[in-house]
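Down below is the structure, laid out as structure tokens.
The values are calculated or read from the model by the stated rules, or taken from the named source; none is laboratory data. Computed from a predicted structure; not experimentally measured. Virtual Cβ from ideal backbone geometry, glycine too; neighbours counted across all protein chains shown.
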Amino acid sequence: MPGQTNSLLNSYIPVLCMGLMALFLVVVFVGLSRILGPQRPTPQKLAPYECGVTPIGSARERFPIKFYLIAMLFIVFDIETVFLYPWAATFRHSGGMMLFNLFEMAVFVGILLVGYVYVWRRGAFEWDN
Amino acid sequence: MLFLLFGGSALVTGITMVLFPNPVRSALFLVLNLFCVAVLYLLLNAYFLATVQVIVYAGAIMVLFLFVIMLLNLGTPDRSLDKLRWQQPAAVGIAVVLAALFGAVIYQSVPAGPPASAMMVEAPTLYAPRAEPNPMLTNQISDPNQLRAITPDTMGTVTGIGQSLYNPGEAWLFPFEATSILLLIAVIGSVVLAKRRLPGEDASAAGEREGGTG
């Protein structure tokens, strides 16, 4: 029904408003401080004073592959969560299929639990290994 | 209006993503681009897909992209690495072919009117207040064999996806369980590739690898 889908779409208007508000605030804050604030930089003012140390070397270094592994595992379990959303939304209304649906998701999570146990036993969650 | 706004910004961010020499900035523009595409999914009534787009692509996969960029140390752009001289003309040629294909598909799927204006008319009807029966929705549910449990008002929502995904009468049950196997393979594969240091493995190879990556 068009009305139904429109009301669903309308429920995203607060999200849009929040995004516009965030954009507005960023523009106002940064813009006002840029317009109103006096800018007479001296080397003393530009020095990192009480807000960090002087950088040693470039930040453009090769990162260890540990970060990559963490990101990869994050993606996999993130996708698992994505599958949980529609399951949770329909589980209560599944009526007689409730037990079947529970078993279905148990199989899904169980297979991924094997991977979880493997990752844990392999020590991939430990940083200094 | 919304379609023009977010479609346009998706185009702009996509182009800036390609044109920026700094890969980290390109990745950040890709995040913006993915957000715009998520809004386009919303306008097409694909609510769940939009959410997944933000959660998985703009969240997880972009983290992975950034880590890969840092892993490969692409922080300083190096134009001299562009060794394949024929790459750019070939890209232009492929782009022309792709544009022609898209044009042909759009022209065939929308019989009335030129393709560009037809696209713009069709999208706003999805969220126009008193639109006639939505052509997209009626098209998609007119195939009764495939999408039996999906009614127009739940299509694309989390509930609709759940109904079609977890209903044993539907065909998606086995693919769903197979997905878990796929994810399991991804977990094990990434761990095996990234954690090469088994207890039984000789230490010199592991040390070399550690020196290369760290």
Checklist entry - Out of all the residues in segment A:101-126, which are facing chain B (nearest Cβ under 7 Å) and of a type in the set (Val, Ile, Thr)? => result A:VAL107, A:ILE111, A:VAL114, A:VAL119
Checklist outcome for this item: Flagged pairs (Cβ under 8 angstrom, 6 or more apart or on separate chains; first in segment B:86-108, at pLDDT 90 or above; second surrounded by 11 or more Cβ atoms within 10 Å (Cβ to Cβ)) are B:GLY103/B:PRO115
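Just checking, which of A:VAL107, A:VAL114, A:VAL119 is part of a helix (DSSP H, G or I) and in contact (Cβ under 8 Å) with a residue 24 or more places away in the chain?
A:VAL119
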Checklist entry - Counting just the residues of segment A:1-47 that are under 26 Å from the mean Cα position of the chain (by Cα) and small (Gly, Ala, Ser), which one comes out modelled with the lowest pLDDT? => result A:SER11
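Rundown of residues vs (1) within 12 Å of the chain's Cα centre (by Cα); (2) surrounded by fewer than 16 Cβ atoms within 10 Å (Cβ to Cβ); (3) within 13 Å of chain A (Cβ to nearest Cβ); (4) within 15 Å of A:GLY19 (Cβ to Cβ), yes/no style:
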position: B:VAL12; (1), (2), (3), (4): no, yes, no, no
position: B:ILE15; (1), (2), (3), (4): no, yes, no, no
position: B:LEU19; (1), (2), (3), (4): no, yes, no, no
position: B:ASN22; (1), (2), (3), (4): no, yes, yes, no
position: B:LEU30; (1), (2), (3), (4): yes, no, no, no
position: B:ALA38; (1), (2), (3), (4): yes, no, yes, yes
position: B:ASN45; (1), (2), (3), (4): no, no, yes, no
position: B:PHE48; (1), (2), (3), (4): no, no, yes, no
position: B:LEU64; (1), (2), (3), (4): no, no, yes, no
Checklist entry - Which residue out of B:ALA46, B:ALA58 is in contact with a Leu (Cβ under 8 Å, 6 or more places away or on another chain) and either modelled with pLDDT under 90 or not assigned by TED's automatic domain parsing to the domain that holds B:THR13 (or both)? => result B:ALA58
